[in-house]
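Beneath this line is the structure, given in structure tokens, with notes to follow.
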Amino acid sequence: MGDHQPKHVDAPDDSVIPKPASLRRVRSVTACIVTGLAVIMVVPALLAAPMADPAPVFMTAGVVAGAGCYALPHLCVARKPWYRHGPASRFLTARTWTGHRTIDLHDLRSVRTWKEVYRGGATTYLVVTDASGTRLGFTGPEADRLIRRYAVERRETPRSHVTRVSRLARADLGIKPLAPGLSALRSLLSVERSALLVIGPMMISAAIASH
């Protein structure tokens with residue numbers, strides 16, 4: 001993605017979404033979603049406990065809560081199109097499930113990653129955090145090039161701050177690949193993680209309903 005793109009009719013101006021307000025909104029929405037998932041997971045199980053056969057109730061509640069837990073990490077994922085703006089196009093604004101988020105590409109502080117493995121393929125998400133604490137997740141080669149430039153190559157210039165890039169993120173960016181055995185183990189753990197996010201709430205609901 002170039003530094004100087006033509007201004008889109010819907011692109012934000014330099015004053016788009018003050019970061020503190022954006023961060024407060026993200027935290028509020030996330031807290032509401034987590035609270036809602038907890039209510040869905042616990043309350044139906046408590047109500048079903050006295051029933052002769054509570055299984056249908058807590059299973060349904062567990063599946064719904066599990067699907068919500070599985071979707072939680074996706075709240076920060078950027079949805080195209082992204083918009084570059086500000087001096088030297090240093091700001092990037094993108095839509096997410098919690099609204100617009102704006103990060104400062106010149107002030108990135110960390111890069112982490114997570115991988116989802118599913119039947120027929122896998123998706124890798126790179127999550128960047130800037131100095132304000134705002135996070136955005138990206139997928140695809142275009143995002144990889146952007147993150148490499150601002151989180152890895154830029155930090156090697158004089159007077160640049162340190163951006164922490166995790167070992168897995170380095171592998172996903174092609175900087176230092178994992179050993180074949182570790183790569184296979186990571187894929188296996190990614191499957192286990194996804195399964196746990198879905199099955200975990202079901203098990204909690206079942207434990208509550210059984211008492």
### Query
What do you reckon, is Pro73 surrounded by fewer than 18 Cβ atoms within 10 Å (Cβ to Cβ), in contact (Cβ under 8 Å) with a residue 12 or more places away in the chain and either of a type in the set (A, V, I, L, M) or under 28 Å from Leu178 (Cα atoms) (or both)?
yes
### Query
Can you name the residue in the stretch 155-166 that is open to solvent by 90 Å² or more (accessible area, probe 1.4 Å) and at pLDDT below 90 and, of all such residues, is nearest to Val127 (Cα to Cα)?
Val162
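Mind checking which residues of the stretch 72-90 are part of a strand (DSSP E or B) and under 30 Å from Gly36 (Cα atoms)?
Filtering the stretch 72-90 down to residues part of a strand (DSSP E or B) leaves 77, 79-85.
If the condition is that a residue be part of a strand (DSSP E or B) and under 30 Å from Gly36 (Cα atoms), then Val77, Arg79, Lys80, Pro81, Trp82 are the ones that fit.
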### Message
Checking the structure you have, find out if any residue of the stretch 182-196 is loosely packed, with under 13 Cβ neighbours inside 10 Å, closer than 17 Å to Asp104 by Cβ, out of contact with any Pro (no Cβ under 7 Å at 6 or more places or on another chain) and at pLDDT below 85.
### Response
no
### Message
Any residue in the stretch 22-36 that is within 15 Å of Arg135 (Cβ to Cβ) sitting within a Cβ distance under 8 Å of a residue that is at pLDDT 85 or above and among the small types (Gly, Ala, Ser)? List the pairs, counting only those 6 or more apart or interchain.
### Response
Ser22/Gly99; Leu23/Ser132; Leu23/Gly133; Arg25/Gly99; Val26/Gly99; Val29/Gly99
### Query
Can you tell me which of Leu178, Leu188, Leu146 is closer than 20 Å to Leu126 by Cα and either of a type in the set (D, E, K, R) or assigned to a loop (DSSP other than H, G, I, E, B) (or both)?
Leu178
### Query
Conditions: (1) under 17 Å from the mean Cα position of the chain (by Cα); (2) more than 30 Å from Val43 (Cα to Cα). Leu197 meets all but one. Number of the miss?
(2)
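Go over the candidates Gly133, Gly137 one by one and state the one that is assigned to a loop (DSSP other than H, G, I, E, B) and under 26 Å from Lys80 (Cα atoms). Explain how you work it out, then say what you get.
Working: Gly137 fails: assigned to a loop (DSSP other than H, G, I, E, B).
Of the residues listed, the single one that is assigned to a loop (DSSP other than H, G, I, E, B) and under 26 Å from Lys80 (Cα atoms) is Gly133.
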### Message
If a residue must be open to solvent by 20 Å² or more (accessible area, probe 1.4 Å), in contact (Cβ under 8 Å) with a residue 24 or more places away in the chain and part of a helix (DSSP H, G or I), how many such residues does the stretch 42-54 contain?
### Response
3
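Quick one: which of Ser89, Ser110 is out of contact with any helix residue (DSSP H, G or I) (no Cβ under 6 Å at 6 or more places or on another chain), open to solvent by less than 30 Å² (accessible area, probe 1.4 Å) and modelled with pLDDT of 90 or more?
The unique qualifying residue is Ser110.
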### Message
Between a residue in the stretch 183-211 that is within 10 Å of Tyr70 (Cβ to Cβ) and any residue that is charged (D, E, K, R), which pairs come within a Cβ distance under 7 Å, given they are 6 or more apart or on different chains?
### Response
Ser194/Glu116
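Of all residues in the stretch 92-107, count the ones that are open to solvent by 50 Å² or more (accessible area, probe 1.4 Å) and closer than 30 Å to Ser205 by Cβ.
To start, the set of residues in the stretch 92-107 that are open to solvent by 50 Å² or more (accessible area, probe 1.4 Å) comprises 95, 97, 100.
Keeping just the survivors that are closer than 30 Å to Ser205 by Cβ gives 97.
Residues meeting the conditions: 1.
The values are calculated or read from the model by the stated rules, or taken from the named source; none is laboratory data. Keep in mind that this is a model prediction, so the values were computed, not measured. Please note: Cβ atoms are built from the backbone with ideal geometry, for glycine as well, and neighbour counts cover all protein chains shown. Surface accessibility is based on the protein's heavy atoms, side chains included, excluding ligands, DNA and RNA. Shrake-Rupley method; radii C 1.70, N 1.55, O 1.52, S 1.80 Å.
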